[in-house]
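Report on the structure given below.
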Amino acid sequence: MLVQAGNQRAARLLSLVQDADEPATSPAGESQGVVLRVRPIFLDLFRPADLQAIATQMDKLVFGGSHHEVTVAAMLADPFAKAELGGTGTLTIQLREAIADALHPVRSYDLPEVCRAFGLADGEGEEAHYSKRGYVRSRISDYTQDQLCELGARVVESHYLPQLWGLLQVLASGTSGVTSAFKNLIFAADGPKPELVLADAVSNTIEIVTNAEFCLVYDRPLDDAGLSWADLVSWWAETKAPRGTDDRDAANELYYRLARSLDVGRPKSDELGPESLIFQVYAKLLRQHGFQLPALVPQVHLHYDPYTRKKRRAAGPLPRQRMDFLMLLRGRRRVVIEIDGIQHYAVERQASPKLYAEMVAEDRELYLAGYEVVRFGGEEFRSAERAQTTLHEFFTRLLAVHGYLSEVKN
């Protein structure tokens with residue numbers, strides 16, 4: 001049911017559960033607790049939104065609609081079991097064993113061909129028949145952790161094993177994404193560009209000195225679960241909307257406010273501009289799959305332009321004053337979406353290698369800071385119908401890759 005509801009991540013998290021403490025009998029209508037037991041290494045993978053999604057489906061499928069609160073805890077210790085070791089080296093060993101376990105169900109006479117498809121060294125069927133796990137281990141015994149992660153990511157999609165998926169998530173959460181703490185978002189300016197200064201160089205505090213009334217500032221704490229549309233709607237309802245506004249009306253108000261910041265400066269036309277098309281397509285996905293999807297935040301100010309030249313670290317304005325869109329995903333992953341009009345790579349309609357080089361240099365800096373940059377060319381928006389199809393496919397695949405939607409089949 002979780003997969004049908006579009007939550008592949010929660011379904012996979014549930015596959016990590018090895019035991020559960022069933023709720024005690026209580027009067028009808030009272031909230032009850034269900035404790036999911038998992039290996040300690042997987043505890044931090046379960047986020048509040050994931051547990052809520054699991055609880056919702058459990059109530060529908062298992063408990064007949066009554067309300068249950070789902071929590072997660074470490075498995076109860078088995079005094080006769082061998083204690084698990086810790087450390088990066090042990091994670092590498094566990095990952096190697098999990099890959100071998102994932103491929104173990106393959107028939108021995110098919111295993112050499114399957115391994116070849118994953119780029120592993122060739123071997124004889126007799127060797128695989130003697131020990132399938134040993135056959136795989138011998139071919140990845142000298143793999144580094146990065147190589148094992150790359151191989152494991154491909155193996156787990158066609159030979160799913162909960163422990164392999166879980167180990168990959170644990171390793172990914174420790175090695176990818178943005179490492180700096182989130183402070184605030186300055187976004188969706190619907191008037192003159194805000195002027196920003198670095199108010200405190202020690203804490204990296206940015207202050208808006210001019211035109212603050214034209215932009216929005218989200219300054220709530222952000223954890224590793226990222227920023228969902230539901231989070232943004234809740235913030236709007238509590239800080240901007242009239243008292244008593246319900247979530248649906250708050251969501252509509254926020255949508256129209258953000259839409260005012262799109263395609264600013266574009267000549268008036270009956271057709272939607274590229275930014276508006278992107279926002280509209282994503283809004284349809286929100287209506288279809290729910291507000292727990294990540295928020296698509298428009299016109300985000302990534303860098304500040306110091307108020308005086310004296311305060312600048314280098315002469316001239318800083319690059320990349322603004323991003324067209326930003327998505328803050330789980331695990332501190334941040335996806336930047338940019339639309340490249342002709343001004344990004346040409347001067348007076350003549351190709352400019354200098355402009356292009358500046359753009360890709362800025363992208364490299366973002367990549368090294370932990371951001372993923374996705375670019376759309378202006379040519380892709382000449383047909384609104386084709387653009388909507390392209391955008392829908394892109395967002396669906398992006399959300400599937402990051403575990404928000406079920407996998408996409410080509």
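Do any residues in the range 84-107 that are closer than 15 Å to residue 159 by Cβ have Cβ atoms under 7 Å from those of residues that are of a type outside the set (A, V, I, L, M, F, W, C) and modelled with pLDDT under 75, where the two are at least six apart or on different chains, and which pairs are they?
none
Report, by residue number, each residue of the range 119-144 that is within 23 Å of residue 15 (Cβ to Cβ) and in contact with a Ser or Thr (Cβ under 9 Å, 6 or more places away or on another chain).
Scanning the range 119-144 gives a single hit, 132.
Exactly one of these conditions fails for residue 93: (1) in a helix (DSSP H, G or I); (2) surrounded by fewer than 20 Cβ atoms within 10 Å (Cβ to Cβ); (3) among the hydrophobic types (A, V, I, L, M, F, W, C); (4) at pLDDT 90 or above. Give me its number.
So residue 93 meets the others, but not (4).
Out of the residues in the range 354-410 that are more than 20 Å from the chain's Cα centre (by Cα) and in a loop (DSSP other than H, G, I, E, B), which is surrounded by the fewest Cβ atoms within 10 Å (Cβ to Cβ)?
Out of the qualifying residues, it is 410.
Limited to the range 224-282, what total is found for residues that are outside any loop (DSSP other than H, G, I, E, B), farther than 18 Å from residue 329 by Cβ and acidic (Asp, Glu)?
Selection size over the range 224-282: 5.
Looking only at residues in the range 217-241 that are surrounded by fewer than 21 Cβ atoms within 10 Å (Cβ to Cβ) and β-branched (Val, Ile, Thr), which one is farthest from residue 207 (Cα to Cα)?
239
Cβ-Cβ distance below 8 Å, separation of 6 or more or different chains: which pairs start in the range 141-158 with a residue that is in contact (Cβ under 8 Å) with a residue 12 or more places away in the chain and end on one that is of a type in the set (D, E, K, R)?
141/96; 143/96; 148/96; 157/407
Is it the case that residue 279 is touching a helix residue (DSSP H, G or I) at 6+ places or on another chain (Cβ under 8 Å) and surrounded by fewer than 19 Cβ atoms within 10 Å (Cβ to Cβ)?
no
Collect the residues in the range 7-48 that are surrounded by 20 or more Cβ atoms within 10 Å (Cβ to Cβ) and modelled with pLDDT under 75, keeping them in residue-number order.
Answer for the range 7-48, where residues must be surrounded by 20 or more Cβ atoms within 10 Å (Cβ to Cβ) and modelled with pLDDT under 75: just 7.
Can you find a residue in the range 113-121 that is farther than 19 Å from residue 42 by Cβ and at pLDDT below 90? Walk me through it before giving the result.
Of all residues in the range 113-121, those farther than 19 Å from residue 42 by Cβ come to 113-121.
Checking which are at pLDDT below 90 leaves us with 121.
Yes, the conditions are met somewhere in the range 113-121.
The values are calculated or read from the model by the stated rules, or taken from the named source; none is laboratory data. Keep in mind that what you see is a predicted model, and the values were worked out from it rather than measured. Neighbour counts are summed over all protein chains in view; Cβ atoms, including those assigned to glycine, are modelled from backbone coordinates with ideal geometry.
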